[in-house]
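Novice: Let me begin by handing over the structure; questions about it come next.
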Amino acid sequence: MSSRIERAAPAVLLALVLLGAWELYVDLAGVQADLLPAPHGVARALWENAGLLARNFAVTAEEVVLGLGLALAGGFVLAVAIHMSPLLRRAVYPLAVGSQAVPIPVIGVLLVFWWGFGLFPKLVVIALICFFPVVVTTVDGLRAVDPDQPKLLRTLDATRWQAFRFAELPAALPAALSGARIALAVGVIGAFIAETTTPTSGAYPGLGREIITDVNFQTSRAYAGTVVLFAFAIVCFYALALAQRRLAPWSAQPQGDPH
Amino acid sequence: MATELQSRTQPSPSRAASCGGILIENVSRTYARAGSRVEALDGVSLRASHGEVLAVVGPSGCGKTTLLELLCRLQPPDRGTIRCPPAALMPQRDLLLPWLSAVDNAALALRIAGVARAPARDRATALFAEVGLAGFEHVRPGELSGGMRQRVAFVRTLLSGKPVLCLDEPFGALDAITRSEMQEWLERTLAREARTVVLVTHDVEEAIVLADRVAVLSPRPGRVTAQLDVHIDRPRTRTDSAVIALREEALGALEAGRSR
Ligand SMILES: Nc1ncnc2c1ncn2[C@@H]1O[C@H](COP(=O)(O)OP(=O)(O)OP(=O)(O)O)[C@@H](O)[C@H]1O
Ligand SMILES: [Mg+2]
C-alpha cells in the first residue's frame, strides 16, 4: 500500500508543480478568466457543476469503453484474418492505414444517416479512430510466434484451429492488449470527436459536446470537463495494464505500470 | 539370439516398417535458399526395428535435426524413401508454451487429442514425480531451469503416445547426475512400453549406454560413416569396460569421418 503511494508520488508531485506554475502565470500575467481560468477557478467549476459533469461523463465513459471494446474486437479479428491470409494482408493493410487519415466530419453525416442519433454511430467513430494500433500490435504478436512452434504442434497432430488456439491466440493476446493501451490514448479524444460530429438525442450529450458548448462562455466549466477526461484516460490506461497482468501474466510487465 | 541378430542387421524392408520399425533408404536433403544451397544429408540409409533405440551422433550441422524432421514428416526428402510410423518430436529447443503451466505443457498432446483438462493433467502429474518435477506442476516455463524445461518437454513427447520418439539432444542441458537419472528412467520407461526411439546426441557415451545401435554421421553433408551394434547387457553404465571400448570405436569413426 505504502509502496503504491510511493510510486504515485512523482506523478502527483509533478502535477502539483504544474498546477502551481499555472496559477502563478494566470495571477502574475493577469490572464482573462475566459481565456485561461486559474486552477482554483477550474476546481470551483468542478465542484459547482459536479452533477452535470458526472452525468455527461457517464455518457462519454460508456462510449469510450464500448468503442474501445469494439476497436479491440474488430482490430483483433482483422489482425487474425491478415495473419492467416497473405492475400488479405496485401488487400487490407494499405486501406486500414489510409482509413486513419479520414477526417471524421466527412463521414459523420453518413453514419447518422445509417444509424441515427444513438450510441452506435459514436462507437463506430471511436473504433475507427483507435482500431489501428490494435491491428498492428496483434499482427506483430501473431508473427512473433516461434516458427518451430507450429512444427511441434503438427507432430502432435494439432489441427490448424488447435495450433491457433494453443500457440497463436495466447501469443497475440498481450500484444492486442498493448495495442489497446495505445488505442486508449486516442480513444478519449475519439469520443470527443464522435460527440461533436454526430448529434445525439439523449438528455445528456456527453462531456465532449458539453465542453464544446461551454468553451466560449463557461470557460472554467469547459476546463473542469477537460480535467475529468484527463483523469479518465489515466484510469483507463492503468486499468488496461492491470487487465494485461491478469489475462497475460506470462508477458513482461507492461510499460508505465505503477504497481 | 543368432536369428535376432540377423534380423537386426538385415531386416527386410517391409518387415521393418510394418512392425513399427523405421526404414530410411538413400535419403538426401538439400536446403535451397536465395541462391545458396546447403546440402544437409546425402544418401543416408538407416533402419531400426520396433522397440529399438537408434542413436545418431555426428558433428554440429551434419543434418541430425533434419533427419528427425524428415522422420516426423515435417519436411519431405529430396531423394530416397522413408518409412516410419507416426513419430513425436522432442525438439532441440524445448518449445514449451510460455502461457501454459509445466503440467499443461506436458499434457499438450493429450489436450490436442481431445482429452479433458483434468484427466490430462492427472496423467502428466503422475509422470512429473518420476522425472523429479513434483511440486513444479503449476510453474510456468519462464520460471523453470533449462534442465527442468527439458524434462517437461520430454514428458510431453512421451505422453503423445506415438510409437516412435524422435529425441533431439534430450538431456543436453542436464547436469551429469540428473542426466544419468533421466537415462535410467528412459530405459525403465522403454522396458515398460516398447517404443522405437531415434536419439540424437553429441554425447557418444550416452549413445552407447542407451542405444541398440549407434549411427555415426560425417560432417555436412551428413553420410553414415559407421554403424555400431551395441551388444552390452543392460543396465549399462558409463564406466563399463565394454562401453568404454565401444566409445573409443565410435570416437574413432567420428574422427575418420571428419578427416575424410
Ligand atoms: N530451414 C533451413 N533452411 C536452410 N538451411 C537449413 C535449415 N535447417 C537446417 N539447415 C542447414 O542444414 C544443415 C544441417 O542442419 P541441422 O539442424 O539438421 O544440423 P544438426 O546436425 O542438427 O546440427 P546441431 O548438432 O548443431 O544441432 C546446417 O548446415 C544448417 O545450416
Ligand atoms: Mg540439431
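Novice: Within 10 Å of each Cβ in peptide B:151-157, how many partner chain Cβ atoms are there on average? Round it to a whole number, please. Intermediate values should be presented prior to the final figure.
Specialist: Details: counts 0, 0, 1, 0, 0, 2, 3.
Rounded to a whole number, the mean comes out at 1.
Novice: Counting only protein heavy atoms and using a 1.4 Å probe, what share of the accessible area of region A:32-251 belongs to carbon plus sulfur, as a whole percent?
Specialist: Details: 7470 of 10570 Å².
Taking all protein chains in place, region A:32-251 shows 71 percent carbon and sulfur surface.
Novice: Still on this structure, I have one more. In Å², nearest 100, what accessible area do chains A and B bury in total when the solvent probe is 1.4 Å?
Specialist: Working: alone 14650 and 12230 Å², together 25030 Å².
So the buried area, both faces added, is about 1900 Å².
Novice: May I pose another question? Roughly how many Å² is the accessible area per residue of region A:32-251, as a whole number, for a 1.4 Å probe? Intermediate results must be reported in sequence, preceding the final value.
Specialist: Numbers: 10570 Å² over 220 residues.
For region A:32-251, the solvent-accessible area averages 48 Å² per residue.
Novice: Right, next: Any idea how far the Cα center of region B:26-87 sits from the one of region A:120-168, in Å?
Specialist: First find each Cα centre; the distance between them is then 32 Å.
Novice: Let me ask something else about it. Taking all protein chains in place and a 1.4 Å probe, what share, in percent, of the accessible surface of chain B do carbon and sulfur account for? Mind dumping the intermediate values first?
Specialist: Values: 5840 of 11310 Å².
That share works out to 52 percent.
Novice: Shifting gears a bit: Pairs of Cα atoms under 8 Å, at least six residues apart: use those to get the relative contact order of region B:194-233, whole percent. Each step should come with its number before you reach the end.
Specialist: Working: 33 pairs, mean separation 11.8, N = 40.
The normalised contact order for region B:194-233 reaches 30 percent.
Novice: Next question. Between B:Glu25 and B:Ser241, what is the FRET efficiency for a Förster distance of 35 Å, r being their Cβ-Cβ separation, to the nearest 0.05?
Specialist: Working: r = 35 Å, r/R0 = 1.01.
After rounding, the FRET efficiency stands at 0.50.
Novice: Further question on the same structure: Nearest 20 debye, what's the magnitude of the dipole of region A:1-87 about its Cα centre given +1 on Lys and Arg Cβ and -1 on Asp and Glu Cβ?
Specialist: On the way: 4 positive and 7 negative charges, 57 e Å.
The dipole magnitude comes to about 280 debye.
Novice: Could you point to the residue in A:Val112, A:Cys236, A:Pro249 farthest towards the positive end of region A:32-251's charge dipole, with +1 and -1 charges on the Cβ of Lys/Arg and Asp/Glu respectively?
Specialist: A:Pro249
Novice: Taking each residue in A:156-166, count the Cβ atoms of any other chain within 10 Å of its Cβ, then average. What number comes out? Walk me through the numbers before you get to the answer.
Specialist: Values: counts 14, 7, 5, 1, 0, 0, 5, 1, 0, 2, 7.
For peptide A:156-166, the averaged partner shielding equals 4.
Novice: Compute a Gaussian network model of chain A, connecting alpha carbons closer than 10 Å, and tell me which residue from A:Leu88, A:Leu184, A:Leu68 fluctuates the most.
Specialist: For chain A, modelled as a Gaussian network with Cα springs under 10 Å, the answer is A:Leu88.
Novice: Which three numbers, in whole Å and largest first, are the semi-axes of the equivalent ellipsoid of the protein assembly as shown derived from its Cα gyration tensor as √(5λ)? Mind showing how you got there, number by number?
Specialist: On the way: eigenvalues 852, 121, 75 Å².
Its equivalent ellipsoid spans semi-axes of 65, 25, 19 Å.
Novice: Residues of A:145-155, mean number of Cβ from any other protein chain within 10 Å of their own Cβ, rounded to a whole number? Kindly include the intermediate steps, with their values, before the conclusion.
Specialist: Values: counts 1, 5, 0, 7, 5, 2, 7, 16, 5, 4, 17.
For peptide A:145-155, the averaged partner shielding equals 6.
Novice: Also, I was wondering about something else. Roughly how compact is region B:147-236, stated as its Cα Rg over 2.2 N^0.38 Å to two decimals? Present the calculation step by step, with values, prior to reporting the outcome.
Specialist: On the way: Rg = 13.3 Å, N = 90, 2.2 N^0.38 = 12.2 Å.
For region B:147-236, the normalised Cα radius of gyration comes out at 1.10.
Novice: Sticking with this structure for a sec: Which helices, taking whole DSSP H runs in chain A, have alpha carbons extending 24 angstrom or more along the helix axis plus mean Kyte-Doolittle at least -1.0?
Specialist: Working: long enough: A:2-29 (39 Å, 1.04); A:50-84 (49 Å, 1.52); A:120-143 (33 Å, 1.73); A:169-197 (38 Å, 1.43); A:219-247 (42 Å, 1.16).
Once both thresholds are applied, what remains is A:2-29, A:50-84, A:120-143, A:169-197, A:219-247.
Novice: Same structure again: Can you list the GluC sites (Glu not before Pro) in region B:155-239 that are in a DSSP coil and have 13 or fewer other beta carbons within 10 angstrom?
Specialist: Those satisfying the criteria are B:Glu193.
Novice: I've got another one for you. So for chain B, averaging the separation of alpha carbon pairs under 8 Å that are six or more residues apart and normalising by length, what relative contact order in percent results? Provide the component values of the computation, followed by the final result.
Specialist: Details: 489 pairs, mean separation 63.2, N = 260.
RCO, chain B: 24 percent.
Novice: Then there is this: Given the options B:Ile112, B:Ile208, B:Ile82, state which has the largest fluctuation in a GNM of chain B using a 10 Å cut-off (strictly under) for Cα springs.
Specialist: Of B:Ile112, B:Ile208, B:Ile82, the Gaussian network model singles out B:Ile112 as fluctuating most.
Novice: Right, next: What Kirkwood hydrodynamic radius, in Å, does region A:32-251 give when the mean of 1/r is taken over all pairs of distinct Cα atoms and then inverted?
Specialist: Working: mean 1/r = 0.0523 Å⁻¹.
For region A:32-251, inverting the mean 1/r across all distinct Cα pairs yields 19.1 Å.
Novice: Per the helix-only calculation at 222 nm, which mean residue ellipticity applies to the protein assembly as shown, given -39500 (n - 2.57) for every DSSP H run of n ≥ 4 and division by its residues, nearest 500 deg cm²/dmol?
Specialist: On the way: 21 runs with 304 residues, N = 519.
Helices in the protein assembly as shown give a 222 nm mean residue ellipticity of -19000 deg cm²/dmol.
Novice: Not counting the cut sites, what is the longest span of chain A without chymotrypsin sites (Phe, Trp or Tyr not before Pro) that DSSP labels loop and that have at most 14 other Cβ atoms within 10 Å? Intermediate results must be reported in sequence, preceding the final value.
Specialist: On the way: sites that count: A:Phe117, A:Phe217.
Longest stretch, sites excluded: A:1-116.
Novice: Return the single residue from A:Leu173, A:Leu207, A:Leu13 with maximal mean-square fluctuation; model: Gaussian network over chain A, springs between Cα atoms under 10 Å.
Specialist: A:Leu13
Novice: Between A:Thr226 and A:Met84, what is 0.36 nm times their sequence separation minus the Cα-Cα distance? Round to one decimal in nm.
Specialist: On the way: separation 142, 0.36 × 142 = 51.12 nm, distance 4.18 nm.
Full-extension gain reported as 46.9 nm.
The values are calculated or read from the model by the stated rules, or taken from the named source; none is laboratory data. Bear in mind that the values here come from a model prediction, so they are computed numbers and not experimental data. Positions of Cβ are generated from backbone atoms using ideal geometry, with glycine treated the same way; all protein chains shown enter the neighbour counts. Keep in mind that these areas ignore ligands, DNA and RNA; they rest on the heavy atoms of the full protein, side chains included. Shrake-Rupley method; radii C 1.70, N 1.55, O 1.52, S 1.80 Å.
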